[in-house]
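Colleague: Dumping the structure here so I can ask a few things about it.
The values are calculated or read from the model by the stated rules, or taken from the named source; none is laboratory data. Treat the numbers as computed from the prediction; the structure is a model and nothing was measured. Here the Cβ is made from the backbone with ideal geometry for all residues, glycine too, and neighbour counts use every protein chain on show.
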């Protein structure tokens with residue numbers, strides 16, 4: 001029996017499904033070459049799509065990250081798409097630091 005590898009995608013950008021950066025998550029999870037390589041390595045690829053939450057917040061994100069680490073063996077995590085020119089108040093950087101601290105403490 002093959003092991004299961006869950007491809008978890010959150011295919012949303014600014015609350016819209018499968019557009020812009022959200023389209024990349026869905027496209028990558030469904031890529032035939034990627035899935036073939038996963039299966040060749042002895043894994044069975046399974047899809048999970050995470051639905052958006054109403055009124056997202058940093059606190060909700062941190063809680064979800066902690067829950068994911070409790071439930072799954074997490075092989076990798078990334079903070080992506082940060083442009084400091086668009087973060088003149090430093091809010092995104094401060095959030096990224098809290099996210100990184102949460103991830104470091106969850107391992």
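Colleague: If I ask for residues that are out of contact with any helix residue (DSSP H, G or I) (no Cβ under 8 Å at 6 or more places or on another chain), assigned to a helix (DSSP H, G or I) and modelled with pLDDT of 80 or more, which ones from the range 25-56 would you list?
Modeller: If the condition is that a residue be out of contact with any helix residue (DSSP H, G or I) (no Cβ under 8 Å at 6 or more places or on another chain), assigned to a helix (DSSP H, G or I) and modelled with pLDDT of 80 or more, then 27, 29, 32, 33, 35, 36, 37, 38, 39, 40 are the ones that fit.
Colleague: Follow-up question, since we're still on this one. So residue 68 passes all but one of these: (1) in the same structural domain as residue 10 (by TED's automatic domain parsing); (2) surrounded by 10 or more Cβ atoms within 10 Å (Cβ to Cβ). Which condition number does it fail?
Modeller: That leaves (1) as the condition not met.
Colleague: Additional query: (1) touching a residue at least 24 places away in the same chain (Cβ under 8 Å); (2) assigned to a helix (DSSP H, G or I); (3) under 23 Å from residue 15 (Cβ atoms): which one isn't true of residue 103, the others all being true?
Modeller: Of everything listed in (1) touching a residue at least 24 places away in the same chain (Cβ under 8 Å); (2) assigned to a helix (DSSP H, G or I); (3) under 23 Å from residue 15 (Cβ atoms), residue 103 misses just condition (3).
Colleague: Which condition number does residue 83 fail, the rest of (1) loosely packed, with under 12 Cβ neighbours inside 10 Å; (2) under 20 Å from residue 3 (Cβ atoms) being met?
Modeller: (2)
Colleague: Could you list, in sequence order, the residues of the range 1-24 that are in a strand (DSSP E or B) and either touching a helix residue (DSSP H, G or I) at 6+ places or on another chain (Cβ under 6 Å) or assigned by TED's automatic domain parsing to the domain that holds residue 80 (or both)? Full working, then the answer.
Modeller: Taking the range 1-24 first, the residues in a strand (DSSP E or B) are 3-9, 12-13, 16-17.
Of everything in the range 1-24, those that are in a strand (DSSP E or B) and either touching a helix residue (DSSP H, G or I) at 6+ places or on another chain (Cβ under 6 Å) or assigned by TED's automatic domain parsing to the domain that holds residue 80 (or both) turn out to be 5, 7, 9, 12, 13.
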